[in-house]
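Quick notes on the structure that follows.
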Amino acid sequence: MFSITVRDHVMIAHSFRGEVFGPAQRLHGATFVVDATFRRAELDDDNIVVDIGLATQELGGVLAELNYRNLDDEPAFAGVNTSTEYLAKVIADRLADRVHAGALGEGARGLAGITVALHESHVAWASYERTL
């Protein structure tokens, strides 16, 4: 399986509901380093997984929808604990939508999957992997 990974970051604010979250129940900020990995079994006709420039651009576009936002105020997240794991899925799904819409080029239609990892720090991160 071949893969490429592109990286960006996003800064958000949010709060959680539930005792398991302790002090994170209060409004707080988070900056995540975001890695998006695109996979395919065989390289395309140009011998690439996907155009790195387009992958970087589309990851940036997805993150721009979240950046500098209080997710508690976003209708799409009403009543949802926007955990790191959950946000990894949201970003992966939004990237998948862009792949299906052709935003990453025709060659991207041969992608097998996407994995998105959100790094909370140098010692902790969460990821979500999905097929295409």
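The values are calculated or read from the model by the stated rules, or taken from the named source; none is laboratory data. The structure presented is a predicted model; accordingly, all values stated were derived computationally and were not measured. Every residue, glycine among them, receives a Cβ derived from its backbone with ideal geometry; neighbour counts consider all protein chains shown. With ligands, DNA and RNA removed, areas are computed over all heavy atoms of the protein, side chains included. Shrake-Rupley method; radii C 1.70, N 1.55, O 1.52, S 1.80 Å.
State whether one or more residues within segment 23-30 are within 17 Å of the chain's Cα centre (by Cα) and either under 30 Å from Ala78 (Cα atoms) or in a strand (DSSP E or B) (or both).
Kept after step one, since they are within 17 Å of the chain's Cα centre (by Cα), are these residues of segment 23-30: 30.
Remaining after also requiring either under 30 Å from Ala78 (Cα atoms) or in a strand (DSSP E or B) (or both): 30.
The answer is yes, given that some residue of segment 23-30 is within 17 Å of the chain's Cα centre (by Cα) and either under 30 Å from Ala78 (Cα atoms) or in a strand (DSSP E or B) (or both).
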Provide a single number: the residues in segment 85-103 that are open to solvent by 10 Å² or more (accessible area, probe 1.4 Å) and under 14 Å from Val116 (Cβ atoms). 8
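So that you can scan it fast, the table gives a plain yes or no per residue for (1) open to solvent by 60 Å² or more (accessible area, probe 1.4 Å); (2) within 18 Å of Ala117 (Cβ to Cβ):
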| site | (1), (2) |
| --- | --- |
| Arg17 | yes, no |
| Pro23 | yes, no |
| His28 | no, no |
| Thr37 | no, yes |
| Ala41 | no, no |
| Leu54 | no, no |
| Glu58 | no, yes |
| Leu63 | no, yes |
Scan segment 66-81 and report the pairs whose first residue is closer than 19 Å to Leu118 by Cα and whose second residue is surrounded by 15 or more Cβ atoms within 10 Å (Cβ to Cβ) and among the acidic types (Asp, Glu), with Cβ atoms within less than 9 Å and a gap of 6+ or a chain change. Leu66/Glu74
Looking at Asp46 and the list (1) in a loop (DSSP other than H, G, I, E, B); (2) under 13 Å from Leu111 (Cα atoms), which single condition is not satisfied? (2)
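So, in segment 106-119, of the ones that are open to solvent by 20 Å² or more (accessible area, probe 1.4 Å) and in contact (Cβ under 8 Å) with a residue 12 or more places away in the chain, which residue ends up nearest to the chain's Cα centre (by Cα)? Even if it seems obvious, please write down each step before you answer.
We begin by selecting, within segment 106-119, every residue open to solvent by 20 Å² or more (accessible area, probe 1.4 Å); these are 106-107, 109-110, 112, 115, 119.
Narrowing the set further to residues that are in contact (Cβ under 8 Å) with a residue 12 or more places away in the chain leaves 107, 110, 112, 115, 119.
Values: Gly107: 20, Gly110: 20, Ala112: 16, Thr115: 8, His119: 11 Å.
Among them, the one singled out is Thr115.
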Residue under evaluation Arg130, criteria (1) within 13 Å of the chain's Cα centre (by Cα); (2) open to solvent by 40 Å² or more (accessible area, probe 1.4 Å); (3) farther than 26 Å from Met1 by Cβ, criterion not met: (3)
Let me spell it out: the conditions are (1) within 25 Å of Glu19 (Cβ to Cβ); (2) surrounded by fewer than 16 Cβ atoms within 10 Å (Cβ to Cβ); (3) not basic (Lys, Arg), and Tyr68 meets all of them except one. Which number is the exception? (1)
